[in-house]
Amino acid sequence: MSKTFDKMSLPEEVAERLPILGQQSKDGQPVSDTAVYSRRWYILIVFCLGSFCQALVWNTWGPITESAEIVLDWQDSNIGMLANYGNIAFMITVLPMCYLVDVKGLRISLLICAFLVMAGTSIRCITLHPVPATWLANICAVLNGIGGSVPFAGPAALSSVWFPPDQRATATAIVSFANYLGVSLSFIIGPQMVSSPAYKTTNSTTHDNITDIAIRSPSIGMVHSMGTFHVVPVLNNIYAYSNHTHKELINKTNLITDIKNYLYFQAGLGVLFFLLVLIYFPARPPKPPSATAAIKRTEYMTGLSRLLCNGSVWLIVLAYALPTGILGVWQSVLDVNLKPLGISQNTAGYMGFWQTLAGCTAGLVIARFADIFMKRMKLFLITLFLGAVAASAWFFVLWEKFIPFNITSLYAACILIGILINGGIPLFYEIACEASYPVAEGVTGGFLTLINNIIGICFLFVMLIPNIGQSWMNEVLLASAVLALPLLFVFPERYRRTDLDITIDIDSKVGDLQASVKTIENEIDGV
């Protein structure tokens, strides 16, 4: 049976973290202090738009590598570093932005991020002359990386502030879905809006007077390095007639126009995101959706210190960051990875699209099951990563042609990798927040994504090594999935936040919340 308690009789550290429950109205009836608002879905849509837009901008250039390299005079390393600049900017700013979320709430922090994404996408539209366009693309990558700090690190914070316990994992999964949908659609939108380079083959004939050479070297070869040539004596002179074959780009003007239109499209999305946040995006609902949403979280610096000293959190963070951090950047340079196999920019784009779309869709389904079958997230993750190891190994042996190669099998392996690694991302967010509670969800999410981006940055820096090739990319992806498994096996599964919510009694008639005896005793024991 539920009871009400006087907070003054409890230890200070417990009392300050308890929700304001069990208040009495004038007629002596309990007053509900929690509520779930339908506007939470609008808030979720706006947040998802920001996550989608930021991810789309982050992966602007990878799917259109061939066209961008011609128009902007870039190399593969330029493409990789543009993604890397975004990751570096994110890494530097994510924890300060999470502090802003903790202190000022979601509205102010997301508004800043939306402005940065809008500004970055807009300045790229100024010019496509190679030198200034390269600088503007780099600046955009930095601004977009900072702008992604809240959309990428904040899904768990958003779900905690706006959604009840039985919808938290689903809400987190929807935001993650939007982020990876942005990446996946970039593989389709980019190649659809930006055409591939088109060439025509031309033949030309030149002739050179080689009389002196012929006298000194009578045995002139009959094949020229540039093509076939014939030695013809004319009077006292000897001429070499050479046939040259070369490719000529015929659609550079179209490529420039296509890239401009693609950048305008992304700038439009950035402006829309900023306006929606500016018009209506409250920091929090009038009443919290759950008991733990009303509980005061640990102070920012104290919480960050606890995270760094929490071995359980490190296990789950590394199990998340190693495979997902590598897969995220591996996808962004998939076109570069598949070049040695003769796979075109367009085909690589579709492969990346289906991989990411399948992964984020799987994340939605798995997260919903995790909400229904509560406290089984570790089992779900271990099962997923056993499959991820097999799928990554399959892709690797196909790429190396250790087994007969065919494009269908490569497609299937690539999609399975997306399902089995990206499908677990929402669960990683939620289980990390459970393991770190009462540290604020925004701080935990920021720490999780910080390590994720550090791993991604290291991967992209390896691309700068001259003549390193592409095989190492698939080896590292496979190794990351293998390393995640022992970390998950030894992770001690605990659900502190969910346990506290479960021990809050809900009156079936009026829906009022009151702190139970068990809840208070657990809080006192934890001090």
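Points to keep in mind about this one:
- Efficiency of FRET between residue 379 and residue 409 - r from beta-carbon atoms, R0 30 angstrom, step 0.05: 0.55
- Simple spin-label estimate for residue 69 and residue 305 in nanometres, 7 Å along Cα-Cβ: 5.1
- For the stretch 297-414, the spread of Cα positions along each principal axis, largest first, Å: 54, 31, 25
- Accessible-area order (highest first, 1.4 angstrom probe) of the listed residues 146, 79: 146, 79
- Span per principal axis, largest first, for the Cα atoms of the stretch 399-477 (Å): 52, 31, 13
- Sparse-neighbour loop sites [trypsin sites (Lys or Arg not before Pro); the stretch 252-306; at most 13 other C-beta within 10 Å; DSSP]: 296
- Tail weight of P(r) past 17 Å, computed on alpha-carbon pairs of the stretch 53-101, percent: 45
- Taking the centroid of alpha carbons for each part, the stretch 386-426 and the stretch 85-130 are 33 Å apart.
- Value of relative contact order over the stretch 301-435, rounded to a whole percent, pairs C-alpha under 8 Å and six or more apart: 36
- Scattering curve values for the stretch 90-173, log₁₀ I(q)/I(0), Debye with Cα scatterers, q = 0.21, 0.26 Å⁻¹: -0.91, -1.14
- Stretching the chain fully between residue 76 and residue 461 yields a gain of 137.4 nm (0.36 nm per residue, less the alpha carbon separation).
- Rolling a 1.4 Å probe over the heavy atoms of the protein chains gives the stretch 368-482 an accessible area of 36 Å² per residue.
The values are calculated or read from the model by the stated rules, or taken from the named source; none is laboratory data. This one's a predicted model, so the numbers in the text were calculated from it and none came from an experiment. With ideal geometry, Cβ positions are generated from the backbone for all residues, glycine too; neighbour counts draw on all protein chains shown. Quick note on the areas: whole protein, heavy atoms, side chains included, nothing else; ligands and nucleic acids left out. Shrake-Rupley method; radii C 1.70, N 1.55, O 1.52, S 1.80 Å.
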